[in-house]
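Here's the structure we're looking at; comments come further down.
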Amino acid sequence: ENNSTKELPYEKAVTEEGRWVFTVKAYDKAGRVSETVTRNIIVDKQAPAFVSDTVKISTAKVYTDWYSAPVLVVEGKLTETTGISTLQYSTDNSNWTSFNITQSNTEYTFTGNISVTEEWQAKTIYIRATDTLGNTSTTSITGINVDRNKPEVSIEGENHFISKNTAN
């Protein structure tokens, strides 16, 4: 048969994590050989891993647990072997914004500028990373306080004058 196709099932399940390369070459009865066809299969069951203690707000605090800046800079690192598809943050766990990402081998560094236009008390920033195969991991920064309002001063009552006369 000319130009026929025959499927040959591969009976062994490829379940071990890693990169698998399949190379196929066909021979016909006349001894002719086809070109080699190569296919890569990646098995990755692990979600991206955030590097402990690197996910943080790098904006300086003005008081113990309070920020006052109009923009909070969030940064961190994570590792992933197959690549990052999306890396995002949210302040409401519903609307997501992408981080800026740089890659060095299997380590990714990310930064994002989050605008703060109102007072925050015990707010959470949610972060999620999805690799190129769809595995997703999440982390968060909790208990964020931002004071965006200047203090107001008021004095009630009448004006009083005090004078001190000293005679020698």
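The values are calculated or read from the model by the stated rules, or taken from the named source; none is laboratory data. As the structure is a computational prediction, the values presented were derived from the model and not from experiment. Because the Cβ atoms are built from the backbone with ideal geometry, glycine has one as well, and the counts that use them run over all protein chains shown. The area values use the complete protein model at the heavy-atom level, side chains included, leaving out ligands, DNA and RNA. Shrake-Rupley method; radii C 1.70, N 1.55, O 1.52, S 1.80 Å.
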remark   = Considering the stretch 54-70, residues that are out of contact with any Gly (no Cβ under 7 Å at 6 or more places or on another chain) and part of a strand (DSSP E or B), and then whichever is surrounded by the fewest Cβ atoms within 10 Å (Cβ to Cβ), we arrive at Tyr63
task = Identify all residues within the stretch 83-110 that are touching a residue at least 40 places away in the same chain (Cβ under 8 Å) and either part of a strand (DSSP E or B) or crowded, with 18+ Cβ neighbours inside 10 Å (or both); write none if there are none.
result = Ile84, Ser85, Thr86, Leu87, Gln88, Glu107, Tyr108
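Looking at the stretch 71-82, which of the residues that are part of a strand (DSSP E or B) and closer than 20 Å to Gln46 by Cα is most open to solvent (accessible area, probe 1.4 Å)? Show your work before the answer.
Going through the stretch 71-82, the residues part of a strand (DSSP E or B) turn out to be 71-79.
Restricting the remaining residues to those that are closer than 20 Å to Gln46 by Cα gives 76-79.
Details: Gly76: 4, Lys77: 79, Leu78: 0, Thr79: 56 Å².
Only one residue tops the list, namely Lys77.
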task = For residues that are open to solvent by 80 Å² or more (accessible area, probe 1.4 Å), in contact with an Asp or Glu (Cβ under 9 Å, 6 or more places away or on another chain) and charged (D, E, K, R), scanning just the stretch 21-53, find the one that is modelled with the lowest pLDDT.
result = Lys45
query = Any residue in the stretch 121-129 that is at pLDDT below 95 and in a loop (DSSP other than H, G, I, E, B)?
reply = no
message = Based on this model, can you work out whether Asn40 counts as part of a loop (DSSP other than H, G, I, E, B) and in contact (Cβ under 8 Å) with a residue 12 or more places away in the chain?
response = no
ask   = So Leu78 clears everything in (1) closer than 18 Å to Ser140 by Cβ; (2) free of Cβ contacts under 8 Å to residues at least 40 places away in the same chain; (3) in contact with a Leu (Cβ under 9 Å, 6 or more places away or on another chain) except one condition, right? Which one?
value = (2)
key: Residue identified as open to solvent by 100 Å² or more (accessible area, probe 1.4 Å) and of a type in the set (Lys, Arg) among Lys123, Lys164   = Lys164
query = Given the structure, is Ala47 under 30 Å from Ser140 (Cβ atoms), out of contact with any His (no Cβ under 7 Å at 6 or more places or on another chain) and of a type outside the set (Val, Ile, Thr)?
reply = yes
